[in-house]
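Just below is one structure, and these are the notes that go with it.
The values are calculated or read from the model by the stated rules, or taken from the named source; none is laboratory data. Everything quoted here is computed from the prediction, not taken from an experiment. As a convention, Cβ positions derive from the backbone with ideal geometry for all residues, glycine included, and neighbour counts pool all protein chains shown.
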Ligand SMILES: Cc1ncc(COP(=O)(O)O)c(C=O)c1O
């Protein structure tokens, strides 16, 4: 599929020892990312933290260029954060909320965003309204449009929900938001690094993401895109010397770019690593990455469906890299633990992540296997060969 798989796997040394199918949790970082992070820490060790930051300022600056290219924005529209949740909360709480304002969001909104919305309902008197899904399980654009009124002050949507292989119709949602002139906040945490993203095509005003997932960056990194149009109207809820200058005894001036949302203190190593991860993804090529992960995930779904007692829960098209499944009569957490013991990493799509879903089937937790381009068909074969053993009651497993 146009990828130099051998080289990509060589860059990912753990591939040789491990079947890592937890890329929706945190991907294995490629070697250049780890080297960049460790290199910066070593420099800090040898010349001092501030001095090392100064010496490598150009590397940090490159990160803004790479992230801007990754999402199709201007570098002035990018702020780096410590997580996607931090980016989302910073953006959300910087909007000027008033009692009676409405937020439209989807049923598959990420758990932390949902908690923040519920908190906003209590704190600001904001009304949170859930847009129903369409028959394919994606957010219904028609329903969204019908729910608009002048009180709607934000459309907040998750691109790829963390609990299953569904992709929301973000471009169509953007068209609705543009027509209504309502700010549009897109959580792209699970899509960045696995799908091509273009904020101009999507039409979102705010986009949030973390570094460690499909982007393969270091843990403790994330970023926020804020359109220059909205930026002018948005003063950060938290402001310090990272985002503003103290200009006189009674005055301060907010930065003109999206870095107004940043805190002064940060992990330089993390930011440099995030930039390298973004450059790496761009070099591999997002269209090729999407083709491969969709192909691998489809193959995995087919193979899992062929196993007795296994149900695949993904809904909606187009599909993506996340596969959620369960084994009849078995606790998903126990299945995941047993797979880990076999050096197969998966995670859980927990019930906590789907409290706004109506169907009881989705309230139970499922096993989440998320593929990346460096995974192989042999990885899928291993999972499917080992799964029946791991899903067997522990007494029969012990006698194997
Ligand atoms: C869709 C989605 N949004 C947001 C987040 C939160 O990301 P972070 O842990 O970097 O704050 C996650 C994490 O799993 C996620 O899946």
I need the full set of residues from the range 274-284 which are in contact (Cβ under 8 Å) with a residue 12 or more places away in the chain and over 15 Å from residue 71 (Cβ atoms), in order please. 276, 280, 284
Every residue from the range 222-243 that is buried (at least 17 other Cβ atoms within 10 Å of the Cβ) and within 18 Å of residue 95 (Cβ to Cβ): 224, 225, 226, 227, 230, 231, 234, 236, 243
Suppose the filter is farther than 21 Å from residue 244 by Cβ and surrounded by fewer than 16 Cβ atoms within 10 Å (Cβ to Cβ); does residue 114 pass it? no
Farther than 18 Å from residue 69 by Cα, touching a residue at least 40 places away in the same chain (Cβ under 8 Å) and either out of contact with any strand residue (DSSP E or B) (no Cβ under 8 Å at 6 or more places or on another chain) or within 16 Å of the ligand (Cβ to nearest atom) (or both): is that true of residue 179 in this structure? no
Could you count how many residues in the range 182-192 are closer than 21 Å to residue 211 by Cα and more than 11 Å from the ligand (Cβ to nearest atom)? 1
Of the residues 84, 114, which is touching a residue at least 24 places away in the same chain (Cβ under 8 Å), touching a strand residue (DSSP E or B) at 6+ places or on another chain (Cβ under 7 Å) and within 13 Å of the ligand (Cβ to nearest atom)? 84
Given the structure, is residue 49 within 16 Å of the ligand (Cβ to nearest atom) and surrounded by fewer than 17 Cβ atoms within 10 Å (Cβ to Cβ)? no
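Every residue, every condition in (1) part of a loop (DSSP other than H, G, I, E, B); (2) surrounded by fewer than 23 Cβ atoms within 10 Å (Cβ to Cβ); (3) at pLDDT 90 or above, yes or no:
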{"site": "316", "(1), (2), (3)": "yes, yes, no"}
{"site": "320", "(1), (2), (3)": "yes, no, yes"}
{"site": "336", "(1), (2), (3)": "no, yes, yes"}
{"site": "357", "(1), (2), (3)": "yes, yes, no"}
{"site": "375", "(1), (2), (3)": "yes, no, yes"}
{"site": "381", "(1), (2), (3)": "no, yes, yes"}
{"site": "385", "(1), (2), (3)": "no, yes, yes"}
{"site": "389", "(1), (2), (3)": "no, yes, no"}
{"site": "392", "(1), (2), (3)": "yes, yes, no"}
Any hit, the range 71-80, residues being at positive phi and in contact with a helix residue (DSSP H, G or I) (Cβ under 9 Å, 6 or more places away or on another chain): yes
Of the residues in the range 222-263, those that are assigned to a helix (DSSP H, G or I) and either within 16 Å of the ligand (Cβ to nearest atom) or more than 16 Å from residue 80 (Cβ to Cβ) (or both) come to 228, 229, 230, 261
Output the number of residues of the range 264-288 satisfying the condition of being part of a loop (DSSP other than H, G, I, E, B) and touching a helix residue (DSSP H, G or I) at 6+ places or on another chain (Cβ under 7 Å). 0
Residue 126, sole failed condition from (1) surrounded by 17 or more Cβ atoms within 10 Å (Cβ to Cβ); (2) within 16 Å of the ligand (Cβ to nearest atom): (2)
Which numbered condition residue 96 misses (of (1) free of Cβ contacts under 8 Å to residues at least 40 places away in the same chain; (2) touching a strand residue (DSSP E or B) at 6+ places or on another chain (Cβ under 9 Å); (3) over 30 Å from residue 202 (Cβ atoms)): (3)
Do we find that residue 104 is away from the ligand (no atom under 16 Å from the Cβ), under 21 Å from the mean Cα position of the chain (by Cα) and either over 20 Å from residue 318 (Cα atoms) or in contact (Cβ under 8 Å) with a residue 40 or more places away in the chain (or both) in this structure? yes
Select from the range 193-221 the residues that are surrounded by 24 or more Cβ atoms within 10 Å (Cβ to Cβ) and within 10 Å of the ligand (Cβ to nearest atom) and write down the one among them that is nearest to residue 22 (Cα to Cα). 213
Tell me, which residue of the range 338-355 that is part of a strand (DSSP E or B) and modelled with pLDDT under 95 is nearest to residue 139 (Cα to Cα)? 349
Which is within 25 Å of residue 280 (Cβ to Cβ), within 21 Å of the chain's Cα centre (by Cα) and surrounded by fewer than 24 Cβ atoms within 10 Å (Cβ to Cβ), of 74, 58, 133? 74
Does the range 322-330 contain at least one residue that is touching a residue at least 24 places away in the same chain (Cβ under 8 Å), surrounded by fewer than 15 Cβ atoms within 10 Å (Cβ to Cβ), out of contact with any strand residue (DSSP E or B) (no Cβ under 7 Å at 6 or more places or on another chain) and part of a loop (DSSP other than H, G, I, E, B)? no
